[in-house]
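Accompanying notes for the structure given below.
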Amino acid sequence: MATETRPSICRFCHANCGILVKIEDGRPVRVTGDPDNPAYRGFSCAKGRRLPEQHAHPDRLLHSQKRRPDGSYEAIPSERAMDEIADRVGNIVRQHGPRAVALYPGTYSGPYPASIPAGVGWMLGLGSKMVFTSAAIDQPGKHVATAIHGRWLGGSHVFDESDVWLLIGNNPLISMSGGIPPSNPSRRLREAKRRGLTLIVIDPRRTEVARFADQVLQPRAGEDPSILAAILHVVIRDALYDAAFTDAHVAGFAALADAVAEFTPEYAAERAGLAADEIERAAATFARARRGCGVAGTGPNMAPHGNLTEYLLLCLNTICGRWRRAGERVPNPGALLPRATPKAQAQRPRPGWGRGEQLRSRALGNSAAGLPTGALADEILYEGEERIRALVCIGGNPVAAWPDQLKTIRAMEKLELLVCLDMKMAATAKMADYVIAPRLSLEVPGLSVSSEAIEQTYVAHGYPEPYAQYSPALASPPEGSDVIEEWAFFYGLAKRMGFQLIAYPIRPEAGVLRERREPYVFDMEKPPTTDAVFAGIMNGSRVPLTEVTHHPHGKIFADETILVAEADPDCQDRLDVGNADMLAELAAIRAESWAALRSEDEDAARVFQLVSRRMPNVYNSSGRDIDRLQRGRFYNPAFMHPEDLALLGLARGDLVEITSSHASILGIAESAPELRRGVVSMAHCFGDAPEHDAAVREIGSNTGRLVDNERDFDPHTGIPRMSAIPVAISRAGAV
Ligand SMILES: Nc1nc2c(c(=O)[nH]1)N[C@H]1C(S)=C(S)[C@@H](COP(=O)(O)OP(=O)(O)OC[C@H]3O[C@@H](n4cnc5c(=O)[nH]c(N)nc54)[C@H](O)[C@@H]3O)O[C@H]1N2
Ligand SMILES: Nc1nc2c(c(=O)[nH]1)N[C@H]1C(S)=C(S)[C@@H](COP(=O)(O)OP(=O)(O)OC[C@H]3O[C@@H](n4cnc5c(=O)[nH]c(N)nc54)[C@H](O)[C@@H]3O)O[C@H]1N2
Ligand code: SF4
Ligand SMILES: [Mo]
């Protein structure tokens, strides 16, 4: 038996941990953290260690599938699937135009660096701009707020050097996301605490990261705009802000001060169910520190007013001057990213919405977060000629993940062509005309670039050092299988449809901090290798890819010091903390009779708030079918405070019905003393279509079904209320 252990990159989640993989006869059998990886230093989580089970999962598709007229599936060679799909897409485009074709790259397009570039390149080749990503149902507020506030071209303070850090509705120790660098966040947090970091957490749940916090605020969900406005109120009232920075680089300060004047700590505390001095203290601690940022996560972005929350947070970082100045070292001058070209100056705001494609079905269009994925189902169900008729999903699962599950199912049924690139017959794949069986991560080369590149759009995210890793393919696909790479699927379609495939750098407008990359033109005569595609799309990286490949355990390429340059002498640009739309949204919150608004739901006994959360051993809809990860519990509990359970006469394990203004789902009650009273905390992407509801104890239930995508949605990004959802809870009869 041929056995070897080699370093690689875990791609179970987006964190790209450095791992060691033991390979026996071409198949992975054991995964551990790689102690010789300089950034991750031996870290791995239970999911990563189960990569061998994921690769060998009995439900894994080893052949692409085609739906028969009776709804069953048969294996189809991937080459023939591409012939047929190219034909069908071609027909739809000829009859209805390219706009009838949409692409949805979901979570599992992330681990494969060439997938999105090739998929989007194929769409552009077709002439369709209808690319919808999960960004618009994740943290769209970040993109919008950054656009309308403007960017600081010197970059932000980073976690490892900060003396204060503010986390609002994120849990990076579990999610590996949210402002603590993804490379071993628990080690970084422990080191920061030793160094004297003050951590402030605002979350209705006392999360894993909150256990390390110096101050935890546990508010009602959905009140983050008021809490942040009150924090700004205190910082401005007590003149705790950085006046020199604000004078030199900030516009709109007077308007902001005016807008937060009525948001006293007492007012916000009453709304949020906090004590006023908790807000006073958080504000003073944050503002008096020298370095550090506030970072929000999915919770407040999914609650109403996510753009405003993110905007007020940027305003707080800005007036506290949490941006790098001339002469300071740049934490990550680039590894697989192009070289940083930082300057101590603002880049003026740009529109956050209102440009580019518009939907036909609803008054929504493109925003800085892309097209409104939360409304894509409407665009498919729309009765007009210009509806979307074909959808290609790369590693995404709309039926599990999109808001308004029942509408999503109707939309998937209505499509003339649904193609999923998925490793199994997931909830959406089960409705597809074709399911393309992909190679899995350890069977293809990998790059750490996605974890590095997230800084391009999210403040205080990504690697705080120029770290990069490349992994060759370590394993061979299962014997007798016909599995392909996503990029090769789009290449195959482009070739059959007779056009040139070009991969454009992603979000070039966001790349202002860095030098640019060139588009990569695929050779349509001789199919490239994945390594050649990687080399092509990584053009312009500061460290050449070939150099990165020489360091199999990954390397921090810190041999160069790039400092933040002085501002251009003629630079007039300023960061805007007085955006009129955002401040009007804030004024409307102040004006709303929130007690009256709430009573509508209270009359219906919807006195609980359903909040989003992530659980350690699942990754959206993945991982929940791996026995050794779930250890007998394959559902998503409905976590509630023990006193709430007692009040409802419920015990752990009882079946409950959870009812929003839109729909009802079943759940299994679970006690969670770390929750605020009145909150139900449940993970998303569980369950399946309604015909499987009786299996709630085996598969959990889908919280997306409770979401009404046309009520309480953001007018710019279309994200509906996906957290802080008013719900009623009652005991359910047996199923
Ligand atoms: N293990 C695991 N890791 C994951 C994922 C997974 O499914 N499992 N998913 C990945 C994905 S796709 C993403 S986008 C990231 C997300 O990463 P995070 O944003 O860190 O996501 P969560 O861990 O769900 O943290 C959200 C927090 O918001 C809180 N919350 C809910 N509503 C509100 C509110 O109105 N206000 C405030 N202040 N807090 C609120 C919740 O209690 C919860 O603790 O995680 C990624 N990582
Ligand atoms: N109610 C509610 N809804 C939410 C959220 C929430 O917190 N609450 N979170 C939202 C967020 S942040 C996000 S990002 C979205 C996620 O939305 P999606 O990305 O659409 O959902 P996933 O379940 O991650 O879909 C991943 C799919 O990829 C498949 N897959 C697994 N491995 C591979 C692989 O190696 N290759 C390929 N090609 N496919 C693979 C899986 O089987 C699965 O079907 O959900 C959103 N929806
Ligand atoms: S955190 Fe993510 S990348 Fe790291 S080992 Fe776990 S699943 Fe893999
Ligand atoms: Mo996400």
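The values are calculated or read from the model by the stated rules, or taken from the named source; none is laboratory data. Computed from a predicted model, the values in this text were never measured in an experiment. Neighbour counts are summed over all protein chains in view; Cβ atoms, including those assigned to glycine, are modelled from backbone coordinates with ideal geometry. We work out accessible area using only protein heavy atoms, side chains counted, and drop any ligands, DNA or RNA first. Shrake-Rupley method; radii C 1.70, N 1.55, O 1.52, S 1.80 Å.
Work out the length of the dipole vector of the chain about its Cα centre, built from +1 on the beta-carbon of each Lys and Arg and -1 on the beta-carbon of each Asp and Glu, and round it to the nearest 20 debye.
1100
Can you work out the PRE-style zone for ASP559? Point 7 Å along Cα to Cβ, and I want the residues of region 37-64 with backbone N under 18 Å.
38-39
Taking only protein heavy atoms and a 1.4 Å probe, what accessible area per residue, in Å², does region 600-731 have with all protein chains in place?
Result: 39 Å² of accessible area for each residue.
Find how many whole Å separate the alpha carbon centroid of region 404-443 from the alpha carbon centroid of region 213-250.
One Cα centre to the other: 44 Å.
May I ask for the distance between the Cα centers of region 308-366 and region 267-297, given as a whole number of Å?
Computed from Cα coordinates, the inter-centre distance equals 23 Å.
Can you tell me how region 178-217 classifies by the Cα gyration tensor, rounded, prolate or oblate, using a/c under 1.5 as the rounded cut?
oblate
Determine the calculated [θ] at 222 nm for the chain from helices alone, applying -39500 (n - 2.57) to every DSSP H run no shorter than 4 residues and normalising by the residue count; nearest 500 deg cm²/dmol.
Per the formula, -8000 deg cm²/dmol.
Would you kindly calculate the mean projected area, averaged across all directions, of the convex hull enclosing the Cα atoms of region 264-362, in square nanometres?
Here the figure is 10.4 nm², rounded to one decimal.
Put +1 on the Cβ of every Lys and Arg and -1 on every Asp and Glu Cβ in the chain; which of THR207, LEU381, ILE19 then has its Cα farthest towards the positive end of the dipole?
The one lying farthest along the dipole's positive direction is ILE19.
Starting from region 589-698, pick out the trypsin sites (Lys or Arg not before Pro) whose DSSP state is loop and whose Cβ has at most 11 other Cβ atoms within 10 Å.
ARG631
Multiplying the sequence separation of ARG711 and ASP627 by 0.36 nm and subtracting their Cα-Cα distance, what value in nm do you get?
26.4 nm
With a 1.4 Å probe and all protein chains left in place, how much of the accessible area of region 429-573 comes from carbon and sulfur atoms, in whole percent?
53
Please identify the GluC sites (Glu not before Pro) of region 464-545 that satisfy two criteria: DSSP loop assignment and at most 11 other Cβ atoms within 10 Å. Which are they?
GLU479, GLU525
Residues of region 272-291 with backbone nitrogen within less than 18 Å of a virtual label 7 Å along the Cα-to-Cβ line of ARG677, please, listed as ranges.
Residues 272-276 qualify, since their backbone N sits under 18 Å from the label point.
Mind ranking LEU62, LEU189, LEU274 by accessible surface for me, highest first, 1.4 Å probe?
The ordering from most to least exposed comes out as LEU62, LEU274, LEU189.
With each label point set 7 Å from Cα along the Cα-Cβ vector, what nm distance links ALA326 and ARG80?
Output for this residue pair reads 6.8 nm.
I want to make sure I understand the PRE zone here: with the label point 7 angstrom from the Cα of LYS129 toward its beta carbon, which residues in region 70-95 have backbone N atoms less than 20 Å away?
Within reach of a label on LYS129, which here means backbone N under 20 Å from a point 7 Å along Cα→Cβ, region 70-95 contributes 93-94.
Any chance you could check the Cα centroid distance between region 627-649 and region 108-157 for me, in angstrom?
After rounding, the separation between the Cα centres reads 35 Å.
Given the pairs LYS526/LYS555; LYS142/LYS343; LYS22/LYS430; LYS47/LYS495; LYS66/LYS495, which span a C-alpha to C-alpha distance of over 27 angstrom in this model?
Beyond 27 Å: LYS526/LYS555; LYS22/LYS430; LYS47/LYS495.
Could you do me a favour and compute the accessible area per residue for region 154-205, 1.4 Å probe, result in Å²?
The answer is 24 Å² per residue.
Going toward the positive end of the dipole of region 600-731, with +1 on Lys and Arg Cβ and -1 on Asp and Glu Cβ, which of LEU647, MET615, GLY718 do you reach last?
MET615
Rank-order 450-457, 66-73 by packing density, defined as the average count of other C-beta atoms within 10 Å over each peptide's residues, highest first.
450-457, 66-73
Once you sort the root eigenvalues of the Cα gyration tensor of the chain as a ≥ b ≥ c, which label holds: rounded (a/c under 1.5), prolate (a/b larger than b/c) or oblate (the other case)?
It comes out rounded by the Cα gyration axes.
Under a plain spin-label model, where a point goes 7 Å from the Cα along Cα-to-Cβ, how far apart in nm are ALA363 and ASP160?
About 4.9 nm separates the two model spin labels.
To the nearest 0.05, how large is the calculated FRET efficiency for ALA580 and ARG350 if R₀ is 22 Å and r is the Cβ-Cβ distance?
Efficiency, rounded to the nearest 0.05: 0.90.
For region 600-731, rounded, prolate or oblate, judged on the Cα gyration tensor with a ≥ b ≥ c (square roots of eigenvalues), a/c < 1.5 rounded, else prolate if a/b > b/c?
Verdict is oblate for region 600-731.
Evaluate the distance, in nm, between pseudo-label points positioned 7 Å from the Cα of THR32 and of GLN215 along their respective Cα→Cβ axes.
It is 4.3 nm.
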